[in-house]
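Written below as structure tokens is the structure these notes are about.
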Amino acid sequence: MINKRRSLAVLLGLLTTTALIGPAPAKADNEGEPTAEPPKVELVLDVSGSMRARDIDGRSRISVAQQAFNEVVDALPDETQLGIRVLGATYPGDDKKQGCRDTQQIVPVGPVDRTQAKAAVASLRPTGWTPIGLALRSAAQDLGTGSTARRIVLITDGEDTCAPPDPCEVARELAAQGTKLVVDTLGLVSDEKVRRQLLCIATATGGTYTTAQSADELTSRVKQLVDRAADTYTAAPTVVGGSSECRKAPLLGPGVYTDREAFSEHRWYRVPVRPGEELRASVSVALDRPVNPDYGVLLRATDRDGRELVRGVDASSGRIDVVSTGLRWSATAEDGPSPAPDGTVTAWTVCLVVSNSFAPQPGTEATPGMPLELTVDVVAASPAPGWPDLGRGWSLLLLLTLAGLVTGLVAGLLTRWWVATWREN
């Protein structure tokens, strides 16, 4: 009998909680998204003299890289367009000026002829210098521009021996151009100077850095990065220039935008919002260079007079090289301008300001500014929750009261059962 009463009490509690929570809010449909272009990737392989070293599974670094390339080409999805560029592959001499121009595209970006691509890679022999900066700049030109992101996968066993151009500065230069270009780097040796340079290149463009100490690791990692090209961005962000004050700021509609912000700067943008609409905005700032600890990013929405409407809350992106925050704000009839005589309601201008507390470490270049990505959306405002609802104080109080009653009932029944059992014994 006691078990039946206990089950009834638990069921009552579950039913009560479910009724108070109510159905999940509806989500807006994502309509009108552009059709993505085919994924485009260029593999950039270091074929400098150091690639002759035989320290990966007892084999030379170049032979391991060639095997990995062959397996990647065989497993390449049909829709992916692939190109291959090499550096240090043709000039064996000591003239640094000539050796530092040694980079060629051996397979053009496009639908892959697997036989041609594998034959081109198989003919490579470690030869010369390591002009990584020049190769990255050339690879970006190989991939061109378009509505979708491009991806470069750089595989090297050493740091650049030809700077200038410095490869890290080239990566920042490419990111500043606004074309969404991601550079992933793969190191074949565990060297601290190489690690710092490859990490800087990857971080500047939102890419990843890793090392590969075996043939299997290299093959698996390259396959993963090539496959990821299909999941980057369906459209490249629009380049925009924020202002130092709201009245001069660019007017933005829903979309994704990219900009650069100096250290400890406030950068302003404007968004039109009508009564009954909700503004949703988020910003991510990439840590593309060494900065002092204790930094942060703040996103605020204000009116044109500077009155703060709402400020963002920190959001984790799962990455240590990106700091993100976002906000939501709904416009009401009281917030915006009065209706015109004909009944039409004009949009109310909301000012978005991105601020940061970054400070460069000694010796760190302050220019160009830190890359930021701003996402703006304006949707129909969510209706106020109807009663009963956990967002309202009375509903929460009622829920706690019912939970207390159910808990007391169960406790009382258990106590009576225990007392009765004790007396019988």
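Bear in mind these aren't lab numbers, they're just calculated from the coordinates by the rules spelled out. No experiment lies behind these values; they were computed from the predicted model shown. Counting neighbours? That spans all protein chains shown, and the Cβs are built from the backbone with ideal geometry, glycine included.
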By the gyration tensor of its Cα atoms, with a ≥ b ≥ c the square roots of the eigenvalues, what is the shape of region 38-160: rounded for a/c under 1.5, prolate for a/b over b/c, or oblate? oblate
Net charge dipole size for region 147-268 [Lys, Arg +1 and Asp, Glu -1 on Cβ; Debye, nearest 20]: 500
With label points built 7 Å along Cα→Cβ from the Cα atoms of residue 195 and residue 91, find their separation and express it in nm. 3.2
Calculate the length of the line joining the C-alpha centroid of region 43-112 to that of region 187-229, in whole Å. 14
Taking amide H atoms as placed 1.01 Å from N in the peptide plane, list the residues 5 or more away in sequence, or in a different chain, whose amide H sits under 5 Å from that of residue 183. 152, 205, 207
Pair residue 119, residue 357: separation of 7 Å Cα→Cβ label points (nm): 6.2
Cross-link table 40/223; 40/118; 97/223, entries beyond 24 Å C-alpha to C-alpha: 97/223
